[in-house]
Every structure is written in C-alpha cells, then in structure tokens.
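Each remark here refers to the structure printed beneath this line.
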Amino acid sequence: TGTKTTISACNTASLEAVIGTQTWTTTNLNVDKFRNGDLIPEAKTDAEWLAAAVAGTPAWCNYFNNTDSSAKYGKLYNWYAVNDPRGLAPQGWHVPTEAEWNKLVKYIDAGADQFVKDVLKAQQPVEQ
C-alpha cells in the first residue's frame, strides 16, 4: 500500500491510498456540481430531500443538515445524483461499483464475507 497527493477538478487536495490493486481516495466526496459544471441542487430540509426522491431528481445535503459538517464528512448524495450521466466524481474518478467495494472488503478482511452476510440476515445489529 502507498499514498500520493493529487489535485481534483474542484481544485482540492486529495490523498490517495493504494489498497491491494485498487486506488481509493482518502477524502469524502464534497462537490456541489456535476463533472460538466451543472449545479447539483441542495436539499436543505428533510422535505426537500424527500421531494427530490419523489421527483427522481439529483440532490445533495449536508450530514444532519449541518452546513459545518461538509468540511469533515463531505456531502451526502441521493441515488439520482450518484447515477446521473453528467458524472458526480471528479475527472479520473468514479463512484465504486458493488464489485469494487466487495474486492476492498475481501482484501481488508478475508472473513468479512461471512460477517456481511450475518449483518444482512440479522434482525438486530451484529456486534463485532
């Protein structure tokens, strides 16, 4: 594993981590525009978030709708923003597929497959 620093399209420094054969960013996504420059609408309330989902339109919000949280946690995006053809991730990056997440989990913890299955099957959260 190793790390290097890059500058993204939104001109913010991002640290990369090579884990196994994959390269991951070590920062959470924190953009308010699609890759082509179009603005992603902000949902400032729970009602606006729900309205975007019902309308099938992209949206982002701050964690707990706290404007100070994006510096630490990045932004939260709905399914429509993540899957929009205009591209959510900066140039050269993409939102990981389920297969890529699974590969990361397997690399980090070979026993994780059974743990994930147990969590998904459980009625209550599984203690680790």
Task: Val105-Leu50 pseudo-label distance in nm [points 7 Å out on the Cα-to-Cβ vector] - done: 3.0
TODO: Using amide H atoms built 1.01 Å from N in the peptide plane, name the residues 5+ places from Val95, or on other chains, whose amide H lies under 5 Å from its own.
DONE: Ala89
Open item on the list: Rounded to the nearest 10 Å², what accessible area does Tyr80 have for a 1.4 Å probe in the complete protein model?
Closed with: 80
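The values are calculated or read from the model by the stated rules, or taken from the named source; none is laboratory data. From a predicted model like this one, the values you see are computed outputs, not experimental measurements. A quick note on method: Cβ atoms are made from the backbone with ideal geometry, for glycine too, and the neighbour counts reach across all protein chains shown. Areas reflect the complete protein model, heavy atoms only, side chains present, ligands, DNA and RNA absent. Shrake-Rupley method; radii C 1.70, N 1.55, O 1.52, S 1.80 Å.
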